[in-house]
Each structure stands twice: as structure tokens, then as C-alpha cells.
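Right, one structure below, let's go through it.
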Amino acid sequence: MGKRLVIVESPAKARTIAGYLGRDFAVESSIGHVRDLPNRASEVPDAERKRFGALGVDVDQGFEPYYVVDPGKKKVVTELKKKLADAEELLLATDEDREGEAIAWHLVEVLKPKVPVRRMVFHEITPQAITRALAETRGIDQRLVDAQETRRILDRLYGYEVSPVLWKKVTRGLSAGRVQSVATRLVVQRERERMAFVSAAYWDVLASFDPGSFEARLVAVDGRRVAQGRDFAPDGTVRDEDLVRLDETAARRLVSTLGDAKFHVASADEKPYRRRPAAPFRTATLQQEASRKLRFTAQTTMRVAQRLYESGYITYMRTDSTTLSESALDAARSQARSLFGAEFVPAKPRQYGRAVANAQEAHEAIRPAGDTFRTPDELRGELGRDEHALYDLVWRRTIASQMEDAQGKTVSLRIGASARDDTRAEFAASGTVISFRGFLAAYEPGRDEPSDDDEERRLPQLSVGQAVDALSLEPEGHATTPPPRFTEPTLVKALEDRGIGRPSTYAAILSTILDRGYVFKKGTALVPTFVAFAVVNLLEQHFGQLVDFDFTARMEDDLDRIASGDEERVDWLRRFYFGAGDGPGLHHLVTDHLDEIDARAVNSIPVPGSDAVIRVGRYGPYLERGEQRASLPADLAPDELSPEKVEELLARPESRSLGEDPESGNEIVVRSGRYGPYVTEVLPEDAEGKPRTGSLLSSMSPETVTLEDALRLVSLPRVVGVLDGEEVTAQNGRYGPYVKRGSESRSLESEDQLFSVTLEEARALFAEPPKRRGRRAARGPLRELGTDPATERPIVLREGRFGPYVTDGETNASLRKGDTIEGISPERAAELLAEKRAKSA
């Protein structure tokens with residue numbers, strides 16, 4: 001009898017499960033999806049190309065998709081077929097969500113098994129869970145597959161129909177997406193608010209009193225409340241005219257008149273304080289908390305969580321649920337009781353309601369795996385640094401969720417006094433005293449914007465009418481600040497609050513808007529580029545429905561109804577694409593009104609407070625006012641473009657003439673470009689071809705560069721000679737000067753060598769192995785990572801010119817954001833290589 005073949009998505013998951021199942025089972029990995037929609041029309045056979053076209057979807061016949069096996073997965077499929085030929089049964093153990101269900105379905109479609117097929121589902125990888133899954137198998141849930149396939153087809157239709165509009169009206173290389181465009185719009189909207197914001201100055205007084213040496217802040221003058229930051233509108237005006245707005249003069253005068261005043265307690269209020277623990281983690285809250293406490297990106301969090309799940313340490317990490325199983329409740333309560341005492345555990349288990357209105361996953365919350373939880377200390381030697389930190393976070397949050405409330409009291413004091421001119425001033429102080437820490441003994445959730453009210457601050461026990469002494473009175477100036485930019489966790493929260501996206505998509509959304517150049521980071525803040533402004537302008541003005549928050553959330557609900565069987569996917573796709581009685585569909589939106597889009601208008605961004613306009617052009621954004629133009633620095637945040645900055649940029653000369661090229665007669669000019677100063681020739685209007693250009697060397701400046709310097713720069717690359725039948729050139733690259741022969745290159749020691757290096761010197765450089773090229777030399781492998789399951793070649797980690805990368809000797813793949821030299825696993829390396837092969841095919 002043959003073995004029972006189990007197929008999972010990743011090698012790590014396969015190894016863990018294989019250790020539990022024993023010799024009667026063969027456990028193999030598909031390394032993710034084995035097939036997908038084609039990336040280009042050439043991947044579709046000629047006979048089918050007319051039907052499926054560039055979309056890879058037949059929109060006229062039931063929106064049937066055409067799937068192709070990824071080039072990097074053909075060997076994987078071949079090996080799986082071989083294993084299946086000797087198997088007596090096929091068990092599909094992909095993840096228990098829509099994505100996992102679709103992978104299982106695709107495997108059946110590609111492998112075409114002739115043996116019985118069963119679906120194993122589990123949300124944690126432990127011996128007990130795997131045993132239960134074997135005993136409770138089911139068939140493939142076609143409704144979940146339909147929902148996932150509808151999502152995939154929907155995203156293809158959206159991206160392939162809307163992206164070409166951006167290419168025509170904004171610039172080439174842009175992309176649109178059902179959720180990525182909405183996420184970009186949120187970031188742009190926040191930046192618009194910051195650009196329009198007018199800062200307001202206001203003053204108050206900070207006092208220090210005895211007994212107890214506590215601080216209090218001025219809150220009222222003559223019974224009228226003193227304006228604080230929250231009282232100002234975005235345009236800098238005070239929302240309530242009855243408030244007192246102090247300037248510096250008034251604040252200092254008040255301090256002077258209060259110098260010999262008698263202060264007393266005007267009121268003292270105490271209230272009970274109680275704080276409940278947060279619910280166990282779901283995907284979005286795990287990403288948010290890992291960002292706040294561990295400084296992980298969303299991608300890093302999901303990658304580390306994936307490794308913990310696949311190795312059997314935590315439950316499935318893509319979930320909307322905050323529910324814990326009975327065994328998990330017992331484990332958490334028992335562990336909390338043993339670690340902190342019986343008084344820290346409530347009489348009944350805590351139950352948490354649905355945190356997301358349209359939650360769709362049927363899993364538990366994210367928690368430590370198993371019916372008993374291992375403490376972080378027990379795993380200190382087993383887990384890497386990142387894995388241990390994230391496990392500790394999950395463990396603490398789970399334990400705390402089943403502990404008692406934190407309890408105490410809040411105290412509010414009002415301190416009054418009359419100045420010598422009879423002005424009445426009132427100061428306020430508040431504090432929280434925790435008498436029983438409850439769940440705080442195990443875990444305290446982080447906050448995006450910490451508040452003073454969250455901190456324990458003791459105040460002295462004072463009674464109404466009691467005299468207090470003013471130790472100091474200090475006038476303090478403040479300025480209102482614009483709304484904060486989104487960070488990864490706050491953007492995820494904003495999307496989740498609006499019902500946009502799903503747990504499995506948030507990390508990919510963030511990665512996409514960063515990788516596509518719509519957003520860049522300043523510290524942890526997400527800053528939109530000017531190209532993002534142009535894209536959002538176009539979508540808002542001409543495809544408003546597609547980036548409407550409510551419309552996008554309703555699409556998620558529709559996909560849920562398809563998953564539950566309450567909606568038929570073909571009918572829904574037909575309405576979305578072709579339209580219905582209530583309006584046009586996507587196809588008509590992008591084809592019927594294309595000529596109505598004014599490219600200049602959507603690529604124009606007004607500058608608040610200035611008559612200049614930002615234009616997004618073919619070669620990047622620039623400022624324009626009449627005949628004046630100025631390039632914008634690549635790292636300039638939109639809200640930093642103040643009227644003063646506009647004048648500074650426009651005052652810089654756009655270009656300076658250096659003279660004429662004696663050979664061509666063309667004018668040579670030096671200009672300041674988006675990526676730094678450069679020289680270029682000015683071609684006649686009827687000339688063909690591109691002008692010769694050259695970036696200034698590090699020793700040059702736009703103010704002092706000469707015509708002679710410029711002619712040398714535009715002459716690059718310089719032909720040094722011919723070596724072994726191949727031309728050798730000297731070139732100036734992004735990472736410095738070098739010589740090149742065919743596909744080989746060697747770094748030069750200085751920029752001067754660009755113009756002086758000889759053929760013999762180049763020969764000597766090429767005679768040296770690459771690893772002996774000094775600081776830019778290639779190094780030996782940093783780590784060996786085992787064998788690539790797709791190619792069976794050894795994978796090594798190397799340090800390259802553009803950073804660390806993994807290679808199997810044929811395919812190279814750079815490490816992504818969140819990958820580290822120390823933390824990269826063999827599974828992650830194989831995943832990166834598989835993705836690179838698929839993209840290169």
C-alpha cells in the first residue's frame with residue numbers, strides 16, 4: 001500500500017506536520033499557489049488568446065478565468081505528480097481560509113488525482129490539532145473558492161482596466177487597485193489636511209504647588225475657560241468665542257499679578273477607576289501592537305507570525321476573530337492563576353464580542369498554540385530574537401485577556417486664587433491611582449497617541465478650602481499641530497474601521513503603496529508623493545465610486561455573501577463590470593469617458609497660500625508659476641512646500657548656460673534636477689534623439705562647473721578600448737565610477753579615473769577576481785540556507801552591491817523590507833526566489 005500524501009503551502013509547515021504524522025504519510029509543500037492568471041497575453045495559447053485577451057478572463061462567457069502554472073512552480077508540480085502517483089490518498093492541508101481553500105482547489109485542478117481527495121483543516125499545528133483534523137476531514141468548500149476567485153478576478157479587472165488610464169493621463173508604470181487606491185487616497189487626504197492647516201499660537205500657565213509638589217495647569221480666568229489646542233479649528237481660529245485666548249503678554253501679566261495671591265483648593269473630586277483588558281489579538285491588532293511595541297512593519301509582523309504558526313507556536317495568524325476555544329480559555333486562566341494568584345482571575349471566563357462588523361474568518365483569535373501554553377522563558381533558546389519577541393507579545397495579550405480589571409480611583413483637583421487686580425484664576429490637576437493592577441500585571445496595550453490620563457499619577461490628599469502654596473508659576477507658549485500622518489498601524493486601523501480589506505491583505509496593501517512609489521516613509525510616518533496626489537485627483541474626479549470608502553466596504557460585504565452562498569458570483573461580476581440599471585459598470589467608466597479627462601488638470605496640485613502650482617510631469621513633479629519652473633526635491637514632503645519654500649525654489653535659477661559645444665554648436669547648460677545637479681545639451685526643436693546628459697561629480701558644484709567640465713561629463717561613457725574582442729567603457733554610476741566589459745564591471749578608485757584610466761589599467765582590474773575589488777568587492781557567502789525545493793540547487797545568502805540577496809546560482813532575489821541577514825530562513829529564501837522566477841518569466 002502507498003503512503004497518504006499531504007500537501008501544504010510551505011516547507012516549514014510540511015516539516016512540522018511530518019514530525020507529527022509518522023511514516024505512513026508523505027508531507028510535501030506546494031510553496032504557495034501553483035498557478036494564477038497570466039501576467040501577459042503571450043502566456044495564453046494563440047487559440048485561446050482572442051477569448052481571454054490581456055485580462056486572462058473571458059468577460060463575455062461567465063467571467064471564466066484562464067490559469068497558467070507559474071514557471072517557477074512547474075518543477076514543483078512535476079514532483080507532486082510523481083508523489084501522487086504512488087499515493088493511496090491525497091490530503092490537502094492548506095490554510096483554513098479563502099486563500100488556502102483556493103490553493104487546495106488549484107492543486108486538484110492541476111494534479112488531477114485519481115485517488116480519494118480530502119481536505120484537512122486546522123488553525124494550529126500541534127499533535128492534537130493534526131490528529132483531530134485527520135479525523136474530521138471534509139471536501140473542498142466551493143463557496144469559499146468562489147469568493148476567493150471572485151476577489152482575484154475582481155482585482156484583475158480593476159487593475160487592468162484602470163491602470164492604463166493612469167498611464168495615459170498621469171505617467172507610465174503606475175497601477176491602480178481596488179484597495180491600494182483607497183489606501184493611497186486616505187494618505188493623500190491626510191496630507192491635504194496638513195497642507196491646509198494653519199497653526200495657532202496660544203499660552204497658558206503651569207504651576208507647581210505644595211503640599212505634595214504637584215503640577216497644575218491654568219484652565220479658567222474669571223470663570224471663562226482658557227483655550228487649549230483642541231479648541232482651535234484647522235484654519236487657526238478659536239471655535240468658541242466665549243473662551244479666553246491668552247497671548248504671551250497676557251500670560252506673563254497674569255503670572256505677575258498672581259505673585260502674592262493666596263491659593264486654595266476649590267474642588268476635589270474622586271471617582272472609581274476601572275479598566276478592562278484588551279481582547280486577544282486578531283490580525284490587524286497584532287500588526288498595530290507589533291509596530292508600536294516592537295517597531296515591526298506589517299510585513300515583518302506577518303512574516304514572523306507565519307514562522308511561529310508553521311512551527312507550531314501560535315494559532316493561525318490571519319483572522320478577524322477575538323474568540324478563544326474552551327481549551328484556550330482554560331489554559332489562559334490556569335496560567336494567569338499560577339503566575340499571578342487566584343485574585344487576578346475572574347470567576348467566569350471573559351468573552352469578547354465581534355470586533356469587526358463584517359468579520360468573515362472562522363478561526364480563533366491569535367494565541368499560543370496547544371491546550372497548555374508555553375511561557376516565553378521556556379522558549380528562549382528555541383526561538384530567534386524576532387520570533388521570541390512576537391511570541392511574548394501574543395502570550396501576554398492572551399493571558400491578560402482572561403484576567404481581572406485594573407482598579408483604582410481618579411482624582412481631580414481645582415486650585416483657585418484671586419490676583420491683586422481681582423482677576424480670578426483657576427488651575428486643574430488630575431491623576432489616577434491604581435489600587436489593584438489586575439491584567440496590567442501581565443500586559444499593558446500600547447497606544448498610538450499616549451495620553452496623560454493613561455499614566456498613574458499620585459496627587460496629595462487635599463480637602464476643599466485647604467490652602468496650598470505656589471512654588472512656581474511659569475507662562476508657557478504652545479502652537480497647534482496638524483493632524484498626524486498615518487503610520488502603518490494607524491492606516492491599518494483606518495482601513496479596518498471602514499470595513500476595507502481583510503486580515504490577509506493589509507501587509508500586502510502597505511507593501512504595494514510603498515513599492516509603487518505612492519508613499520514613502522519619514523521615520524514611521526507614511527508620506528504621499530506628488531504622483532499619488534495626481535492619481536487620487538484623477539480617481540476622485542472621474543472614478544469617484546471606485547475610491548469611495550463605503551462602496552469599497554460594500555464590495556467586501558458582497559464577497560462575504562458569495563462565500564456564504566447568498567450571492568452568485570457571475571451575476572455580481574457582470575453587474576460590476578458591465579453595469580446595471582443603477583449605473584454604468586467598470587468597463588464603461590474607463591472607456592466612455594477617457595477623452596473627458598483633462599490630464600493637465602488632474603496633474604495640477606495647488607499650493608495653499610501661493611499662486612504657484614505643482615505639476616506632475618513625465619520626468620517628475622515640478623513647480624510652475626507663469627514662465628517660472630523649478631524641480632522639486634525627491635524627498636520633499638508635500639506639507640513642507642510652504643509659500644516661503646515655493647519662493648526659495650523658484651528663486652533658484654532653473655539652468656545656467658555654460659556656452660556652446662564647439663563640435664555640435666548646441667548650447668550646454670547646468671540644471672538642478674530632482675536627483676541633483678546635471679549638465680545637458682539643448683537640442684533644436686526639430687532634432688531627433690535624446691540630449692546628452694551627465695550628473696555632476698562629487699567634486700563639482702552647479703555654481704562653478706565649467707564648459708570644459710560639462711563636455712567631459714556628456715562624453716561619458718568613455719570608450720577605453722577593446723579587450724579580448726569586447727569594448728571596455730568607463731562609466732559613472734549610481735554607486736560610483738567603474739569600467740565595464742560585457743556583463744563584467746570593476747569599480748574605479750576615483751572619479752578622475754573616468755577620464756584617465758587606460759586599457760592596460762582596465763586589463764589589470766579585470767584580471768582580478770571580483771572579490772578583490774576593495775570595499776565594493778563581492779564577498780563570499782554570508783550564510784548557507786540549504787537546498788531550493790524548486791530547483792534542488794543550494795541557496796546561499798550574499799552581500800551584493802545593492803544589499804543582501806539570496807541566490808541558487810541562477811536566480812538572485814534581494815531581501816525585502818523586514819528581512820534580516822540574521823533572521824532569513826531557508827523557507828523565506830525559497831519563497832523570494834520563487835517570486836523572482838515568476839516575475840522574470
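The values are calculated or read from the model by the stated rules, or taken from the named source; none is laboratory data. Please read all numbers here as calculations on a predicted model, not as lab measurements. Please note: Cβ atoms are built from the backbone with ideal geometry, for glycine as well, and neighbour counts cover all protein chains shown. Please note that ligands, DNA and RNA were not included when accessible areas were found on the heavy atoms of the full protein model with its side chains. Shrake-Rupley method; radii C 1.70, N 1.55, O 1.52, S 1.80 Å.
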Could you tell me which of Ala26, Ile130, Val77 has its Cα farthest along the dipole of the chain towards the positive end, charges placed at Cβ (Lys, Arg +1; Asp, Glu -1), taken about the Cα centre? Ala26
Shape call for the range 132-206, from the Cα gyration tensor axes a ≥ b ≥ c (a/c under 1.5 means rounded, otherwise prolate when a/b beats b/c, else oblate), comes out oblate
Expected vector for the range 403-414, Karplus 3J(HN,Hα) from phi with 6.51, -1.76, 1.60 and θ = phi - 60°, integer Hz, x for Gly and Pro, equals 10, 5, 5, 6, 9, x, 8, 10, 10, 10, 10, 10
Under 5 Å between amide H atoms, partner at least 5 residues away or on a different chain: which partners does Ile31 have, H built in plane at 1.01 Å? Ser10
What residues qualify as long-range amide H neighbours of Gly659, i.e. H under 5 Å apart, gap of 5 or more or another chain, H built at 1.01 Å from N? Ile668
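Evaluate the charge dipole of the chain about its Cα centre and quote only its size in Debye, nearest 20, assuming +1 on the Cβ of each Lys and Arg and -1 on the Cβ of each Asp and Glu.
Values: 121 positive and 137 negative charges, 449 e Å.
Using Cβ point charges on Lys, Arg, Asp and Glu, the chain gives about 2160 debye.
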Placing +1 on the Cβ of each Lys and Arg and -1 on the Cβ of each Asp and Glu in the chain, which of Ala651, Ala429, Thr410 has its Cα farthest towards the positive end of the resulting dipole? Thr410
Which residues' amide hydrogens lie under 5 Å from the amide hydrogen of Phe214, considering only partners 5 or more residues apart or on another chain, with H built in the peptide plane? Phe209
How big is the charge dipole of the range 85-181 about its Cα centre, in debye rounded to the nearest 20, if each Lys and Arg gets +1 on its Cβ and each Asp and Glu gets -1 on its Cβ? 660
Order Lys521, Lys262, Lys13, Lys169 by their accessible area, 1.4 angstrom probe, all chains in place, largest first. Lys262, Lys521, Lys169, Lys13
Rg/Rh ratio calculated on Cα atoms of the range 640-679 (Kirkwood radius): 1.17
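Note down the relative contact order for the range 481-594 as a percent, whole number, built from C-alpha pairs under 8 angstrom at least six residues apart. Mind showing how you got there, number by number?
Working: 69 pairs, mean separation 21.7, N = 114.
Relative contact order comes out at 19 percent.
Cα convex hull of the range 555-606: mean projected area in nm², to one decimal? Don't skip to the answer; put the middle values down first.
Working: hull surface 21.7 nm².
Projected area, direction-averaged: 5.4 nm².
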Rounded to the nearest Å, the spacing of the alpha-carbon centers of the range 134-164 and the range 283-300 is 27
Could you please state, rounded to a whole Å, how far the C-alpha centre of the range 192-242 is from the C-alpha centre of the range 19-43? 61
Looking at (i) 240; (ii) 180; (iii) 193, which value of volume of the Cα convex hull per residue in Å³ comes from a calculation on the structure shown? (i)
Note down the relative contact order for the range 653-731 as a percent, whole number, built from C-alpha pairs under 8 angstrom at least six residues apart. 21
Could you go through the range 339-347 in sequence order and give the Karplus-derived ³J(HN,Hα) for each residue, using 6.51 cos²θ - 1.76 cosθ + 1.60 with θ = phi - 60°, rounded to whole Hz, and x for Gly and Pro? 7, 10, x, 4, 5, 8, 10, x, 5
So Arg554 and Ser698, fully extended at 0.36 nm per residue minus their Cα-Cα distance, gain in nm 46.4 nm
Antiparallel as a % of all DSSP beta bridges within the range 23-139, to the nearest 5? 60
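Mind running the shape call on the range 359-410? Use the C-alpha gyration tensor, a ≥ b ≥ c as the square roots of the eigenvalues: rounded below 1.5 for a/c, prolate if a/b tops b/c, oblate otherwise.
Verdict is oblate for the range 359-410.
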Charge dipole (the chain, unit charges on Cβ, about Cα centre) - positive-most of Thr787, Asn812, Val110: Thr787
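What does the extension gain come out to for Glu660 and Ser604, with contour length at 0.36 nm per residue minus their alpha carbon separation?
16.7 nm
Which shape class, rounded, prolate or oblate, goes with the range 70-224 when its Cα gyration tensor gives a ≥ b ≥ c as root eigenvalues, a/c under 1.5 marks rounded, and past that a/b bigger than b/c marks prolate? Don't jump to the answer; show the numbers that get you there.
Numbers: a/c = 4.38, a/b = 1.89, b/c = 2.32.
Oblate.
As a test of the formula, what do you get for the chain when each DSSP H run with n ≥ 4 contributes -39,500 (n - 2.57) and the sum is divided by the residue count, at 222 nm and rounded to the nearest 500 deg cm²/dmol?
Here the helix-only value at 222 nm equals -10000 deg cm²/dmol.
Would you mind checking the pairs Lys74/Lys169; Lys73/Lys521; Lys13/Lys112 and listing those with alpha carbons more than 29 angstrom apart? Walk me through the intermediate numbers first.
Details: Lys74/Lys169 39 Å; Lys73/Lys521 34 Å; Lys13/Lys112 23 Å.
Violating the 29 Å Cα-Cα cut-off are Lys74/Lys169; Lys73/Lys521.
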How high is the relative contact order of the range 1-147, in percent, counting Cα pairs under 8 Å that sit 6 or more residues apart? 25
